[in-house]
Amino acid sequence: MADDRDEATVCYPVRSDLPLAPDDELLMIRKRRGLGADLYNGPGGKVEPGETPRESAIRETREETGLDVSDLTKRAEFDFFFGDEHIFLCHVYVAREVAGTPQTTPEAVPEWRPRESVPYDEMWPDDELWLPQVLDGGTVRATFHFDDGGDELLDHELREGVEFGEQ
Ligand SMILES: Nc1[nH]c(=O)nc2c1ncn2[C@H]1C[C@H](O)[C@@H](COP(=O)(O)OP(=O)(O)OP(=O)(O)O)O1
């Protein structure tokens, strides 16, 4: 059972083909198990005891894709509710330094995708409300209310241009 202390992360490694060009590709996973199985997302998962969200994002990205990421910037923070239940607080990072080759793991199938072909119709329904702003370099703070089963997004409050400092 989730409680108010549960936290999770999503990390989007980004890159561009040309030095100094705007980021034009992001590393996505198709999740193979757990919450959101079969949906596309960024690598991520639950924050473990004794770990910061930033450390969690780096560890989960390595476990799910084999990639080592650094130079992370926090870009978004969300409270997710399924019915009355607070599922978790989710921290979203963009990672600018990426080392290694993406590898399929028991948890995920990773792939680099051009940002024009992000498959929003195969993602959590909230993602199209905030990921475009994040990929444009913006920041977002939001609360998303789903139905009891977590299938349908019923309501949300969203603010852009928030400061996350060193988080
Ligand atoms: N509405 C949503 N939009 C989104 O973009 N990501 C979401 C989301 N709801 C959940 N997630 C992400 C956050 C986090 O990365 C993951 C939830 O963590 P899970 O419990 O599924 O963790 P894992 O399956 O990775 O398990 P562990 O590896 O045991 O932590 O799903």
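What follows is calculated from the coordinates using simple rules that are stated; it is not laboratory data. Not measured: the values here are computed from a predicted model. Heads up, the Cβs are rebuilt from the backbone with ideal geometry, glycines too, and the neighbour counts pull from every protein chain shown.
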Here, Thr52 and Asp151, labelled 7 Å along Cα→Cβ, have an inter-label distance in nm of 4.0
DSSP loop trypsin sites (Lys or Arg not before Pro) with at most 10 other Cβ within 10 Å excluded, longest remaining stretch of the chain: 34-167
Taking 0.36 nm per residue of separation and subtracting the Cα-Cα distance, what length does fully extending Gln133 through Thr101 add? 8.8 nm
To the nearest 500 deg cm²/dmol, what mean residue ellipticity at 222 nm is calculated for the chain from DSSP H runs of n ≥ 4 alone, each contributing -39,500 (n - 2.57), summed and divided by the residues? -4000 deg cm²/dmol
On alpha-carbon atoms, Rg over Rh for the chain using Kirkwood Rh? 0.93
Restricting to the chain, what percent of DSSP beta bridges are antiparallel, rounded to 5? 70
Apply the Karplus curve 6.51 cos²θ - 1.76 cosθ + 1.60, θ = phi - 60°, to the phi angles in segment 131-145 and return the couplings in whole Hz, x for Gly and Pro. 5, x, 5, 5, 5, 7, x, x, 10, 9, 10, 8, 10, 10, 9
